[in-house]
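Following: one structure in structure tokens, then a few remarks.
The values are calculated or read from the model by the stated rules, or taken from the named source; none is laboratory data. If you're wondering where the values come from, they're calculated on a predicted model, not measured in any experiment. Here the Cβ positions follow ideal geometry from the backbone for every residue, glycine too, while neighbour counts run over all protein chains shown. For the accessible areas, the whole protein counts, side chains as well, though only heavy atoms, and no ligand, DNA or RNA atoms are used. Shrake-Rupley method; radii C 1.70, N 1.55, O 1.52, S 1.80 Å.
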Amino acid sequence: MTENPFFESWTIPFGMPPFDRIRPEHFPPAFDRGMAEQIAEVASITGSAGSPSFANTIEALERSGRLLDRVSRVFFNLDSSNTNDALEAVARDYAPRLAQHQMRIALDADLFARIAHLYARRASLGLSADQFRLLERYHLRFVRSGAALGSEQKVRMAAISERLASLHTLFGQNVLHDERDWQLVLDETDLDGVPEFARAAAAQAATELGNEGRYAVTLARSSVEPFLTFSARRDLRRTLWKAWTARGTHEGASDNAPLIREIVALRAEQARLLGHANFADYRLDDTMAKTTTAVERLLLQVWEPAKEKARDERAALETVARAEGLNEPLEPWDWRYYAEKVRQAQYDLDEAEVKPYFVLENMVRAAFDCAGRLFGLTFTERADLPVYHPDLRIWEVRDAAGTHVGLFLHDNFARSGKQSGAWSSRYRDQEAMDGPIAPIVVNNNNFAKGKPTLLSFDDAKTLFHEFGHGLHALLSRVRYRSQSGTAVRRDFVEFPSQIFEHWMSAPGTLRIYARHYETGQPIPEYLLQRLLAARTFNQGFATVEYTASALIDLELHREKAPEAVDVSRFEREFLERTGVPKEIGLRHRLQHFQHLFAGGGYAAGYYAYLWAEVLEADGFAAFTEAGNPFDPELAARLKDIYSAGDTRDLMELYRAFRGCEPSIAALLEQRGLSAPQ
Ligand SMILES: [Zn+2]
């Protein structure tokens, strides 16, 4: 047997994993040894003769599980970005074992006794502010995992966590399989209305699928959206829409409905064991929002204004549709198509005219440049480091003084074996407990590859969004790894990412980086002005689509008898009761709503994007008021937010930046919504 790279110390610069040597069969023994090591480490903490101290308990825990962390980071990143049958099998096998392992530590009575002992004396331990908060968080995390429950209840908590881990894994795999199994393979004659950039991407996709000379539309959002926006073929739009919204709904092995029922029932049971009325209450208790009432209040503040705006938008769409000879009601597969026509008419703005100015390569450079002007970072490509796929690009990040900050990995293209959507993750977190450790950050996107790759305005926003998460991890300056960068509450973590989108659409950025892919000419001023003027266009649609998904998430996780939920009926009744326009629907139908069910992170938490948008819109207004998007003083204060990780109270952190608490006014304005009556 060849040596297992996880059992060696890594010698590649900056702690990069040796991707070229890691094989699927290396993971199981590495997971096993990693778990065993951590169990031994915890046993030596609980077995230590001295009375509990911050150093021998909390810091010792921070030091534990290093091998397991290293294996897990590599494994779960690869399983999301570049999976295969072998990795999927390991995921199915190890997801429940890892959950069991975590629960074994979280429910360790001796360990919890030490933490509780310290927690009770926290005021007199002489802790610094970050240590004090770390101790509080440890205590809360253990309590929320069930450490304070009776032994029978603990057994049940552990069993539920283990089962949930399996269900989450299966849910994600089912969606991925449905996406992989379906393509719309077309010929030139089927491409009426489809512009050059989308044709090129479809040709590339067909080639990769072994259909050279033809065109393939896949179920990646970056493939679906342009086709629904431009194809004049209503029959094909309908076919595509039906397939897209049917992911996870097919009867048989990949049907996600039974999984959802079991997941929400188990979550509700855990919440009840911990003394909460339902899962949403439990989840929100540890967020900035705190309560379901606060979340509902926010969602309802935008809900009616959004529906009202969507009604106006629909009327405009119908006028165009009638003029074009459509005599039937508008359907969901029509909205984007006619919206694009209305946009062209109202703003004289043609997506196909804009897109040649958004070259991926240039927009990446724009993002780097903004990070440089705001925070003093520079990015240098490192082509000498190993990659797990040829599409991966690696950049070394340095600060203004030239000091190494970390590595930034960029994985931008859609392919089979890659989860859909866009996300940011890490192979290693910043920390400084036993000397400085620099972060290794990865951003994933699912852009359709072209020659060159051209982005839509929304794609470019996504690129900046994920890069904002990346900066949050890169700029982290904390001592303890549990407080590193993005380790903040979920409804705050979208603030650093969403606010960064504003620098993409800043005219100063676009005038430099939005350049035509053939001529190299900057975007004409008239086009830029139209683009910016059209930013609130179709925001009724976007807000309805998003808010409906946030509301159904909250409702499902407050359901009184979740074990009896008929998923399709629940969705249908929700849509009727809340009055979601049928030609809009949900952004994510439940059966492929990976935020909620392919993991627990955003369950009862999809509202977080809107919550963070209140902060983000209000926060960016500070730069607008200053008349300079790169105002150095504001940038320095913003950098404090990116650097603080979870060492401080989040609202306090925001107030230190803005001088006051946020108001919702800037959000409504940015979405072009009128204030609710
Ligand atoms: Zn995000």
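Evaluating S416 against the criteria (1) within 23 Å of A460 (Cβ to Cβ); (2) touching a helix residue (DSSP H, G or I) at 6+ places or on another chain (Cβ under 6 Å); (3) open to solvent by 60 Å² or more (accessible area, probe 1.4 Å) leaves one unmet condition, (1).
For I552, state whether it is within 21 Å of the chain's Cα centre (by Cα) and away from the ligand (no atom under 14 Å from the Cβ).
On the way: within 21 Å of the chain's Cα centre (by Cα): yes; away from the ligand (no atom under 14 Å from the Cβ): yes.
Yes: the conditions hold for I552.
Kindly provide the set of residues from the range 376-405 that are open to solvent by less than 40 Å² (accessible area, probe 1.4 Å), of a type outside the set (G, A, S) and farther than 20 Å from N77 by Cα, ordered by number. Residues satisfying the conditions are L377, F379, V397, V405.
Of the strands (runs of 3 or more DSSP E) contained entirely in the range 385-480, those carrying at least 1 residues that are within 15 Å of the ligand (Cβ to nearest atom) and at pLDDT below 95 fall at 440-447. Take the residues in the range 597-619 that are within 16 Å of the ligand (Cβ to nearest atom) and of a type in the set (F, W, Y); name whichever of them is surrounded by the most Cβ atoms within 10 Å (Cβ to Cβ). Result: Y607. The C-beta contact set for the range 286-314 (first residue within 18 Å of S663 (Cβ to Cβ), second residue among the small types (G, A, S) and not in a helix (DSSP H, G or I), distance under 6 angstrom, 6+ apart or interchain) comprises V295/A289; P305/S674.
In the range 364-384, of all residues being among the small types (G, A, S) and in a loop (DSSP other than H, G, I, E, B), the one that is nearest to L475 (Cα to Cα) corresponds to G376. Checked against (1) in contact (Cβ under 8 Å) with a residue 24 or more places away in the chain; (2) in contact with a Leu (Cβ under 9 Å, 6 or more places away or on another chain), V155 passes all but a single condition, namely (1).
Only one residue in P17, P28 is open to solvent by 20 Å² or more (accessible area, probe 1.4 Å) and of a type outside the set (D, E), so which one is that?
On the way: P17 fails: open to solvent by 20 Å² or more (accessible area, probe 1.4 Å).
The match here is P28.
Taking the criterion of being open to solvent by 10 Å² or more (accessible area, probe 1.4 Å) and either within 16 Å of the ligand (Cβ to nearest atom) or at pLDDT 95 or above (or both), the residues of the range 485-510 that qualify are T486, A487, V488, R489, R490, V493, Q498, E501, H502. Taking the criterion of being in contact with a helix residue (DSSP H, G or I) (Cβ under 6 Å, 6 or more places away or on another chain) and within 30 Å of S48 (Cβ to Cβ), the residues of the range 63-89 that qualify are S64, G65, L67, L68, V71.
Go through the range 206-223 residue by residue and tally those that are assigned to a helix (DSSP H, G or I) and in contact with a Leu (Cβ under 6 Å, 6 or more places away or on another chain).
Here is the first cut: in the range 206-223, the ones assigned to a helix (DSSP H, G or I) are 206-208, 221-223.
If we keep only those that are in contact with a Leu (Cβ under 6 Å, 6 or more places away or on another chain) too, we end up with none.
The qualifying residues number 0.
Going through the range 194-229 one residue at a time, which ones are over 23 Å from H177 (Cα atoms), touching a residue at least 40 places away in the same chain (Cβ under 8 Å) and either surrounded by fewer than 20 Cβ atoms within 10 Å (Cβ to Cβ) or touching a strand residue (DSSP E or B) at 6+ places or on another chain (Cβ under 6 Å) (or both)? Answer for the range 194-229, where residues must be over 23 Å from H177 (Cα atoms), touching a residue at least 40 places away in the same chain (Cβ under 8 Å) and either surrounded by fewer than 20 Cβ atoms within 10 Å (Cβ to Cβ) or touching a strand residue (DSSP E or B) at 6+ places or on another chain (Cβ under 6 Å) (or both): P195, E196, F197, A200.
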